[in-house]
Amino acid sequence: MGSGLILGIESSCDETAAAVVERGAWTRSSVVASQIAMHAPYGGVVPELASREHLRNIVPITRAALTGAGCGLDDLEAVAVTNGPGLAGALLVGITYAKALAFARGIPLIAVNHLEGHIHAVLLEDRQRRLGGTSLAGSEEMGLPMPTLALVVSGGHTHLFLARPPVSGAAEFGAWQYSLIGRTLDDAAGEAFDKVAKLLGLGYPGGPWIDHLAQFGNPKAVPFGFAQIKTKAHLEGKAPRTKGARSAPIADLDRHFLFSFSGIKTAVLRYVELHGLRESCEVRRRALMAMSESGRHPTWLDAQGLCDQQTLDLIASFQHAVVGDLLRKAFAAAEAVGAASVLVTGGVAANRELRVRFTAEAAERGLPVAFPTLALSTDNAAMIAAAAWPRFLAGEFAGWDLEANPRLALA
């Protein structure tokens, strides 16, 4: 039996990450180089800057992952890399480097969908928890009841998938199967968090700022709502117009499981304008930027001190509404497709209110729910290596002509 070690490489957006995972179930090392400080002044990721940083970080990050795992390139059985979806230039850095490593060592190259990686971040944690911190000698059955309804919710994605282990029933053998159940029609939930935070003069990324400040506001102060999504008869039979629609068609999806967050983002903007909060938002933005430029990284406490109660109530109401929409549609979808459990993953899965409310709803329904650790919620390479293990066992290897696919769809 081989070492079972797979080197994972992730560079789909603004984190350069490398990890070594044993048999898809034991993280030997996981190293991430974040670019938050670089992109913060722009309020979002600048693709050109992200690609350049990946070029600087990819080699030292990979070396650090191998050192942390106590192994060398000769000990690896395969190299796994994210090939989409994501930023084209950023993806190319990871793919090119992974190809070079795999070719030089004569080992397989495995392509992994970024969304599948997020799902396996939870499955990886589930396996590690059952193993009790011991290294693997073989493989085990899944602990989380299957099939599972997976909500992948982050700054770039809001998707619902029904995930099933291989037909054989052994979760560590063979490729998993995914069925798309629902997705966002416009902004991802995490993108809405970022844009609302930017509008209110808060830092980037916006999710953690809003998550912290929401606990000091009244979540029912502003009655945000979500309109029912209707099919557009005049667009039937026509080619999809957006990249999201092209990569994840909605023609066969139940509209009750579709998301739209552009409306609530606009509603926050209108509230700010109608209640004369724009000037205070600008004052807050300048104050936090001045702190950053002076060399002192602004804290949540700084932001809290710059927010009046009306703004805190607005933030709490916004978060409460978004989490509520995610919760209602995820559990409705789980019931409709007969899922035996619910899995929530992606950057927004780190949100405290989301975890509390999903856990309570799952307990009331008697349905198991699982989340990744905070470290595995955001982009990382351990999830990529974990997702690659079933493909390694099934012999699903990528060719040397592997290319980046920014619009790669799952299922």
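The values are calculated or read from the model by the stated rules, or taken from the named source; none is laboratory data. This one's a predicted model, so the numbers in the text were calculated from it and none came from an experiment. Positions of Cβ are generated from backbone atoms using ideal geometry, with glycine treated the same way; all protein chains shown enter the neighbour counts.
Looking only at the range 68-78, decide whether some residue is assigned by TED's automatic domain parsing to the domain that holds residue 11, of a type outside the set (D, E, K, R), under 27 Å from residue 406 (Cα atoms) and part of a helix (DSSP H, G or I). Scanning the range 68-78, I find no residue that is assigned by TED's automatic domain parsing to the domain that holds residue 11, of a type outside the set (D, E, K, R), under 27 Å from residue 406 (Cα atoms) and part of a helix (DSSP H, G or I), so the answer is no. Number of residues in the range 359-376 that are assigned to a helix (DSSP H, G or I) and surrounded by fewer than 24 Cβ atoms within 10 Å (Cβ to Cβ): the value is 9.
Let's see how each residue does on (1) surrounded by fewer than 19 Cβ atoms within 10 Å (Cβ to Cβ); (2) hydrophobic (A, V, I, L, M, F, W, C); (3) under 19 Å from the mean Cα position of the chain (by Cα); (4) not in a helix (DSSP H, G or I):
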| position | (1), (2), (3), (4) |
| --- | --- |
| 269 | yes, yes, no, no |
| 287 | yes, yes, no, no |
| 301 | yes, yes, no, no |
| 324 | yes, no, yes, no |
| 334 | no, yes, no, no |
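Residue-by-condition table, conditions (1) free of Cβ contacts under 8 Å to residues at least 40 places away in the same chain; (2) of a type outside the set (D, E, K, R); (3) outside the structural domain of residue 123 (by TED's automatic domain parsing):
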residue	(1), (2), (3)
293	yes, no, yes
305	yes, yes, yes
329	no, no, yes
345	no, yes, yes
350	no, yes, yes
356	yes, yes, yes
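Screening 53, 48, 116 for residues that are closer than 22 Å to residue 405 by Cα, under 19 Å from the mean Cα position of the chain (by Cα) and either touching a residue at least 40 places away in the same chain (Cβ under 8 Å) or part of a helix (DSSP H, G or I) (or both) leaves exactly one candidate, 116.
Go through the residues of the range 103-110 one by one and say whether even a single one is modelled with pLDDT under 95, of a type in the set (Lys, Arg) and either more than 18 Å from the chain's Cα centre (by Cα) or part of a helix (DSSP H, G or I) (or both). There is no residue in the range 103-110 that is modelled with pLDDT under 95, of a type in the set (Lys, Arg) and either more than 18 Å from the chain's Cα centre (by Cα) or part of a helix (DSSP H, G or I) (or both).
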